[in-house]
1. Over region B:240-360, what is the relative contact order in percent, taking alpha-carbon pairs closer than 8 angstrom and at least six residues apart?
2. If one takes the longest principal axis of the Cα atoms in chain B, at what angle in degrees, from 0 to 90 and to the nearest 10, does the Cα axis of helix B:136-148 lie?
3. Taking the Cβ of residue B:189 as the centre, find all other residues whose Cβ is under 11 Å away and add up their charges (Lys, Arg: +1; Asp, Glu: -1).
4. Based on DSSP, what percent of beta bridges with both residues in the protein assembly as shown are antiparallel, to the nearest 5?
5. Rank the residues B:167, B:177, A:44 as a footprinting-exposure proxy: fewest other Cβ atoms within 10 Å of their Cβ go first.
6. If the only charges are +1 at each Lys and Arg Cβ and -1 at each Asp and Glu Cβ, what is the size of the charge dipole of region B:117-207 around the Cα centre, to the nearest 20 debye?
7. What lysines does residue B:74 reach when the alpha-carbon gap must be under 18 Å and sequence neighbours fewer than 8 apart in one chain are set aside?
8. What longest range of chain A stays clear of loop-exposed trypsin sites (Lys or Arg not before Pro) (DSSP non-H/G/I/E/B, at most 14 other C-beta within 10 angstrom)?
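Every number here is computed from the coordinates shown, using simple stated rules; none is lab data. Source: prediction; values computed, not measured. Neighbour counts run over all protein chains shown; Cβ positions are idealised from the backbone, glycine included.
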Amino acid sequence: MAIATQDNAASVGRIGRTFVYLVLLLFALFYLIPFAIMLINSVKPLGEITGGNMIALPQDWTIAPWLSAWSTAQIGVEPTGLKPYFWNSIRMVVPAVVICTIIGALNGYILTKWRFRGDTIVFGLMLFSCFIPFQIVLIPMARVLGILGISGTSAGLVLVHVVYGIGFATLYYRNYYAAFPTELVRAAQIDGAGFFQIFYRILLPSSGPITVVCVIWLFTNIWNDFLFGASFASGDAAPMTVALNNLVNSSTGVREYNVHFAGAILAALPTLLVYIVAGRFFVRGLMAGSVKG
Amino acid sequence: MGFLDIDNTTKSYGAVEVLHKVDISVVEGEFLVLVGPSGCGKSTLLNMIAGLEEITSGEIRIKDRVMNGVHPSKRNIAMVFQSYALYPNMSVAQNITFGLEMHGTPKAERDKALKEVAALLQIDHLLDRKPGQLSGGQRQRVAMGRALVRNPDVFLFDEPLSNLDAKLRVDMRTEIKKLHQTLKTTVVYVTHDQIEAMTLSTRIAVMFDGYVQQLGTPKEIYDTPENVFVATFMGSPAMNVIPVRVAVEGGVPQAIITDSEGQEVSLAIPQPNLAAWDGRNILLGIRPEALTDPKGADTDSRHIVAMHNRVGVTEPAGADTFVTMTLGGKDVIARMRADAHVAAGEMFEFAVNMEKAVAFDPKTEARIKP
């Protein structure tokens, strides 16, 4: 595979390759511009921005907007900064991702290695859940959360996201484990390993790539969710995305663009971090199962 | 009562019965090979012995203990899979001792067992490697080590050599046979390769279409096949099955065959019971090595019949020369000495060893027993 790619690259020629790199560079720049503008303006005093100088580098470098966005900015009515909401999001994302991944892996394991009557129908239904639009479940979900007594809490949001995430997590793991040789499970059965021992000792250690894919997908989706956050947890339990909206849309006082930019970057930082740390496994995991070796 | 009893066992998937009343009794230390083309039910039967597939009806007993419904790990069996099924995340040592660990064997004992097995299979130097770093033959050894270390009552092999290249396959075959001679453990071995079946087994069960077609020693299977399927499946090249007419001349039944020139030739068959078939057609089975040049004919046989026929194609294969010709309207293969002077298109005198000839009923394809 690697050799073939090298061959192809060599045959394009020097001029061709320069052109390709140029185009790629251009697009990369194009995508980076918004982020660069945000970054530049988040370290500028407000005066420089309102003075009409959005593009230029700051004359006075300052981290005050960042500090303000984090801990003192006005969110709705409280001057708390984004900090408490950041932790709200963490409290929501981490349990939701962990629970979803575990259940998804178990589902995938059962649906491929412990086949039962009607398993394809069960899988079909779970797959179907991936395609239910968020808006449809808003009202029923509000009712369920009310009955359970967890509306307006992080726990409520965790439940909502787990319900939505299981479908995708199951899809990922099922397809990954479908390519996992069943003979290994049979060998482990003969060796005397039980249901969970086989899962824990044989399948999980080989599930790295798909776990990365699943975690990145779930983390990004749940972290970036606004609709459920705004619908079920406005107020003290609101996640980062809702708080960011409240920060930017607060109608009192001056619009502190530099603080808004800093806040937006703060809100995007965790997903960015997950991509940078685990991104190289992402493509590998997506490809797993489709290509052998 | 055998050591391993397969007693009237059937297997159905829904309304479809894939194994029909299989009845095999294996004595301790025996090497039973289940052989047949793919889809004949041999792997299903093995999986039923292992407990990986349920038994629809009948019983499977190991050491007189009924195994129906008993979990695979509690049957004291070990299995070697076609793909070896080595755990990719574990080292060779962990792979081998995983079963012992799951059965709660103390660490010290596990290490001792591991050492013994590693020494026996000469894989000491590989113990820290992962399966991905091993060659096919080495993986095969590790898979066998994993089975051996459990010290099971019965070894189950599921086409263990079919993933190896031809040369390694022959080496490993010998090695498995040696191992069986040393350990004298009961083995059930599934393969589709009839040579593996012949060389390894003490007894063979030839399977086709969910039925055991014949159960017997390799020699029985080879010399006296129960039906045309067994006759043609076992042996390479396959046994020639030629339609002939029986005519009794002077009290001796003769097989009347049309040769390549359209002439009728008669070959005396030393099977007096065939006199009952006088005037009727039968299928005559002659193995390629019983149809050869006069110098290559079996000198022990008292029923060598000479016959002239035109040579179609010659295929020198090193140790032998194979001759294809037309006989009884069919393509027939004869096996000659490598140095036999035979050329395509010429008439040649063949020696037919009629002692080895087998007669089949053309309707039922079953052997007409003497």
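1. Relative contact order of region B:240-360: 31 percent.
2. Its long axis makes an angle of about 70 degrees.
3. -1
4. Among the beta bridges of the protein assembly as shown, antiparallel pairing accounts for roughly 75 percent.
5. Working: B:167 9, B:177 14, A:44 24.
Listing B:167, B:177, A:44 from fewest to most nearby Cβ atoms yields B:167, B:177, A:44.
6. On the way: 13 positive and 10 negative charges, 32 e Å.
Roughly 160 debye, rounded to the nearest 20.
7. Candidates past the 8-residue exclusion: B:63.
8. Working: sites that count: A:115, A:117, A:255, A:292.
Segment A:118-254 is the longest.
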